[in-house]
Amino acid sequence: LTGYITLDSGYKNTGCTKSAITFLDGEKGILKYRGYPIEQLAEKSSFIEVAYLLIYGELPTQTQLNEFEELLKEHSDVPEQLKTILLAFPPEGHPMGKLCSVIASLSAFYPESLKPNASESEQNLTLVKLLAKLPSIVAYIQRHTLSHSYVASDNNLDYVTNFMNMAFGGHAGSTKVDPVVIDAMNKLLILHADHEQNCSTSTVRIVGSSDCNLYASVAAGVAALWGPLHGGANQAVIEMLEKIKNDGGDTAKWVAKAKDKNDPFRLMGFGHRVYKNFDPRAKIIKKACDDILNKLGIKDPVLEIAKHLEEAALNDPYFAERKLYPNVDFYSGIIYRALGFPTEMFTVLFALGRLPGWIAQWKEMRENKEPIGRPRQVYVGEVDRTFVDIKNR
Ligand code: SDX
């Protein structure tokens with residue numbers, strides 16, 4: 001190649017940073033946050049406890065956790081003008097576009113987030129405000145999408161219960177805040193909380209590397225997550241399963257389509273850049289899917305289709321040779337649907353879970369004083385041409 005430049009499209013074999021936050025072993029299907037196995041955290045921890053671990057590096061003591069939760073409650077509401085911004089969107093607009101815009105607007109309401117050389121406590125308050133307000137923002141986006149009114153944060157409720165209460169209309173006693181539902185949401189949010197240098201996290205890092213503020217960096221991450229090859233896959237999976245169901249549920253036909261190079265159809269929720277074994281999150285989510293649907297007494301025909309599709313694919317050489325397994329997005333949408341979320345909200349829920357990871361990674365990059373990200377290229381265009389007057393073209 002030209003001199004010292006090595007071309008690595010998609011950064012398949014390029015490490016862009018050193019990080020102490022999340023460890024993945026793609027061959028063995030291992031995922032750890034700050035050294036703790038995801039299986040233990042999903043079983044024993046809460047989402048806010050895991051957010052604390054990712055951002056500050058240690059599991060909190062009970063006192064630290066109580067203080068952190070109180071601080072989040074103190075900052076959980078959003079300014080009236082921010083609600084006005086949301087109301088300016090047509091309700092049918094995609095929720096990810098609303099989320100991206102509203103998060104980018106936060107620096108207008110909290111200008112201290114733009115302060116150069118902010119102190120550690122000022123920077124901490126900036127990240128706390130984002131983590132504290134996202135449930136209100138996401139809940140309001142759902143209410144706006146369904147043309148329902150805003151429900152204010154209720155600081156008598158814990159972080160996840162408060163979110164469900166706001167998102168589903170403030171019926172604190174309703175099934176939406178049933179402990180079974182809250183446990184499932186905590187688990188899903190924990191499993192989405194970080195995943196080393198995926199597309200959206202790398203985006204947050206590279207935008208932050210220009211010394212850009214946290215809110216705009218995270219808004220960029222939301223944009224990257226929206227794509228169906230990344231976080232948008234959880235919505236695409238449900239749309240795919242519905243299409244297969246409406247087509248008579250012939251999973252073998254759709255597996256064949258996914259293998260056909262002349263057919264643009266891909267098995268959404270399958271495959272992963274790093275995992276060449278089962279995605280450990282998919283295993284946990286698949287079991288949680290069975291548990292929560294049984295507990296809620298819900299029979300969703302797409303769950304059976306998903307299981308048949310998984311079985312058909314895993315027994316097919318095409319998928320086995322390419323080491324294509326279900327990823328985090330394959331079953332998550334079935335749970336979100338059972339919990340009552342509209343399909344177009346699924347990727348916003350992915351962002352709600354991923355926020356602590358984005359914050360932790362941005363913070364680490366800034367603490368390590370990493371240089372501005374600026375990859376090179378291999379130039380393949382015209383080399384030396386002379387301008388031609390338009391009358392002679
Ligand atoms: C997430 O990076 C992360 O960590 C992301 C994430 C996170 O937590 O942040 O885990 C979240 O984004 C999970 C992935 C969600 N996306 C999908 O489910 C979309 C469907 N999957 C694919 O598009 C694909 O598998 C990717 C995007 C996930 C990975 O793509 P790669 O690593 O670039 O692999 P590739 O596209 O080069 O595929 C390699 C081969 C190709 O076939 P050949 O050219 O070798 O013949 O596998 C085939 C592909 O055609 N292939 C598929 C397939 N995925 C890959 N064929 C059919 N269906 C699929 N889903």
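Describe numerically, in nm with one decimal, the distance between label points set 7 Å from Cα along Cα→Cβ at residue 108 and at residue 294.
5.0
Please label the shape of the chain as rounded, prolate or oblate, based on the square roots a ≥ b ≥ c of the eigenvalues of the alpha-carbon gyration tensor (a/c under 1.5 means rounded; beyond that, a/b larger than b/c means prolate, else oblate).
Details: a/c = 1.44, a/b = 1.05, b/c = 1.36.
Rounded, because the longest to shortest axis ratio a/c is under 1.5.
Label region 73-142 by shape, choosing from rounded, prolate and oblate, from the square roots a ≥ b ≥ c of the eigenvalues of the Cα gyration tensor; if a/c is under 1.5 it is rounded, and otherwise prolate applies when a/b is larger than b/c, oblate when it is not. Let's see the in-between values first.
Working: a/c = 2.49, a/b = 1.95, b/c = 1.28.
Because a/c hits 1.5 or more and a/b exceeds b/c, region 73-142 counts as prolate.
So, by mean Cβ neighbours within 10 angstrom, what's the order for 254-267, 301-314, 357-370, 5-18 with the highest one leading? Please report the intermediate quantities before stating the final value.
Working: 254-267: 14.3, 301-314: 18.4, 357-370: 19.9, 5-18: 10.0.
Final packing ranking: 357-370, 301-314, 254-267, 5-18.
Taking region 45-86, which GluC sites (Glu not before Pro) meet the DSSP loop condition and have no more than 13 other C-beta atoms within 10 Å? The partial results should precede the final answer.
On the way: sites: 49, 58, 67, 69, 70, 74, 80; in loops: 58.
When the GluC sites (Glu not before Pro) of region 45-86 are filtered for loop state and at most 13 Cβ neighbours within 10 Å, 58 remain.
Using +1 at the Cβ of each Lys and Arg and -1 at the Cβ of each Asp and Glu in region 254-393, identify which of 256, 324, 358 lies farthest towards the dipole's positive end.
358
What translational diffusion coefficient, to the nearest whole µm²/s, does region 17-62 have by Stokes-Einstein, given a Kirkwood radius computed over alpha-carbon pairs, a temperature of 10 °C and 1.306 mPa s viscosity?
Details: Rh = 11.1 Å.
Using the Kirkwood radius from Cα pairs, D works out to 143 µm²/s.
Using a 7 Å offset from the Cα along the Cα-to-Cβ direction at both residue 311 and residue 283, what is the distance between the two label points in nm, to one decimal?
Inter-label distance under the simple model: 2.1 nm.
Amide H of residue 270: which non-local residues (sequence gap of 5 or more, or other chain) have their own amide H closer than 5 Å, using H built in the peptide plane?
327
Residue farthest toward the positive end of the dipole of the chain, with Cβ of Lys/Arg at +1 and Asp/Glu at -1: which of 229, 68, 161?
Highest projection toward the positive end goes to 229.
Kindly write out, for region 265-274 in residue order, the coupling ³J(HN,Hα) from the Karplus curve 6.51 cos²θ - 1.76 cosθ + 1.60 (θ = phi - 60°), rounded to whole Hz, with x marking Gly and Pro.
5, 10, 7, 5, x, 10, x, 6, 5, 9
So how strong a dipole does region 188-250 carry about its Cα centre when Lys and Arg Cβ are +1 and Asp and Glu Cβ are -1, to the nearest 20 debye?
Details: 3 positive and 7 negative charges, 23 e Å.
For region 188-250, the charge dipole is close to 100 debye.
Pick out which of 90, 179, 375 has the largest mean-square fluctuation in a Gaussian network model of the chain, springs linking Cα atoms closer than 10 Å.
Checking each option, the largest mean-square fluctuation is seen for 375.
Using unit Cβ charges (K, R positive; D, E negative) and no other charged atoms, how large, in debye to the nearest 20, is the dipole of region 103-222 about its Cα centre? Don't skip to the answer; put the middle values down first.
Working: 7 positive and 10 negative charges, 64 e Å.
About 300 debye.
Skip the ligands, DNA and RNA, and give the accessible area per residue of region 285-393 with a 1.4 Å probe, whole Å².
Working: 5790 Å² over 109 residues.
Result: 53 Å² per residue.
Would you mind telling me the share, in percent, of accessible area of the chain contributed by carbon and sulfur at probe 1.4 angstrom? Write out the running numbers ahead of the final one.
Details: 10000 of 18790 Å².
C and S fraction of accessible area: 53 percent.
Could you order 84, 126 by accessible surface area, starting with the largest, using a probe radius of 1.4 Å? Can you show the working numbers first?
Details: 84 85, 126 15 Å².
Largest accessible area first, the list is 84, 126.
Fully extended, how many nm does the chain gain between residue 178 and residue 369 (0.36 nm per residue separation, minus their Cα-Cα distance)?
Working: separation 191, 0.36 × 191 = 68.76 nm, distance 4.43 nm.
Result: 64.3 nm gained on full extension.
Among 379, 125, 202, flag the residue with its Cα farthest along the positive direction of the charge dipole of the chain, charges on Cβ as +1 for Lys/Arg and -1 for Asp/Glu.
Projecting each Cα onto the dipole axis, the largest value belongs to 379.
How large is the dipole of the chain about the Cα centre if only Lys and Arg carry +1 and Asp and Glu carry -1, each at its Cβ, rounded to the nearest 20 debye?
Numbers: 44 positive and 47 negative charges, 199 e Å.
So the dipole magnitude of the chain works out to roughly 960 debye.
What is the calculated FRET efficiency for residue 377 to residue 18, with r their C-beta to C-beta distance and R₀ = 30 Å, to the nearest 0.05?
Values: r = 24 Å, r/R0 = 0.81.
According to the calculation, E is roughly 0.80.
The values are calculated or read from the model by the stated rules, or taken from the named source; none is laboratory data. Note that the structure is predicted; figures quoted are calculated from it, not measured. Quick reminder, even Gly has a Cβ in these numbers, built from the backbone with ideal geometry, and neighbours come from all protein chains shown. Protein only, heavy atoms only, side chains kept; ligands, DNA and RNA dropped before computing areas. Shrake-Rupley method; radii C 1.70, N 1.55, O 1.52, S 1.80 Å.
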